[in-house]
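Each reported figure results from applying straightforward, stated rules to the coordinates on display, with no laboratory input. If you're wondering where the values come from, they're calculated on a predicted model, not measured in any experiment. With ideal geometry, Cβ positions are generated from the backbone for all residues, glycine too; neighbour counts draw on all protein chains shown.
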Amino acid sequence: MLFAQYIDLSSLILRLAIGSAFMIHGYPKLTSNQQGKGWMKSMGMPVALIPFAGVVEFFGGLGLILGILTPVIAFLSALWMLSTTWLSVTKIKKKYAGGLEIDITLLLASLALTFLGGGTFSIDHLIGL
C-alpha cells in the first residue's frame, strides 16, 4: 500500500472530524433549547430524549477526539447515527441531499473508526488498550 504508514495519522484525523461534529451537534441539546423540545413533541417523541442525545453526542465526541475506548464509542456512535437516520427517513421523510447526508456520513465514518481503532495518537494507546 502506498500510504500504509499513515494509518495512525488517518485515525487521528478521522477521530477529530467525527468527534468535533458530534460535539457541535450535541452541545445545543445540553443547553436550554425550547425550539428543539417543541419539535420533538410534534414528532411524538419524548422530550427527555433531548438531554440524553446531548450527553451521547457531546461526551461521545469528546471521547473520540481524545481516543478513549475508540472502537466502543465509535460503534455506539454508528448505532446512534443509524437510529437518527431511521428517524429521519420514517418520521421526517428527509431525502439524502439536504437532510440525510450528514447522518449517513457520520454513520459510515464511525463504522470505519470502529475497525481502524484509535491509533498511536490516542489515550487508548497510552494506557495500552
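What FRET efficiency would be calculated for the residue pair residue 90, residue 127, taking the C-beta separation as r and a Förster radius of 25 Å, to the nearest 0.05?
Plugging the Cβ-Cβ distance into 1/(1 + (r/R0)^6) gives 0.05.
How large is ³J(HN,Hα), in whole Hz, for each residue of region 103-119 in order, when computed from phi with the Karplus curve 6.51 cos²θ - 1.76 cosθ + 1.60 and θ = phi - 60°, using x for Gly and Pro?
Along region 103-119, the couplings run 4, 6, 5, 5, 4, 5, 5, 5, 5, 4, 5, 4, 7, 6, x, x, x Hz.
Would you kindly derive the ³J(HN,Hα) couplings of region 62-68 from the backbone phi angles with the Karplus curve 6.51 cos²θ - 1.76 cosθ + 1.60 (θ = phi - 60°), listing them in order in whole Hz, with x for Gly and Pro?
With the stated coefficients, region 62-68 comes to 5, x, 5, 4, 6, x, 9 Hz.
Taking 0.36 nm per residue of separation and subtracting the Cα-Cα distance, what length does fully extending residue 75 through residue 52 add?
Contour length minus Cα-Cα distance gives 6.5 nm.
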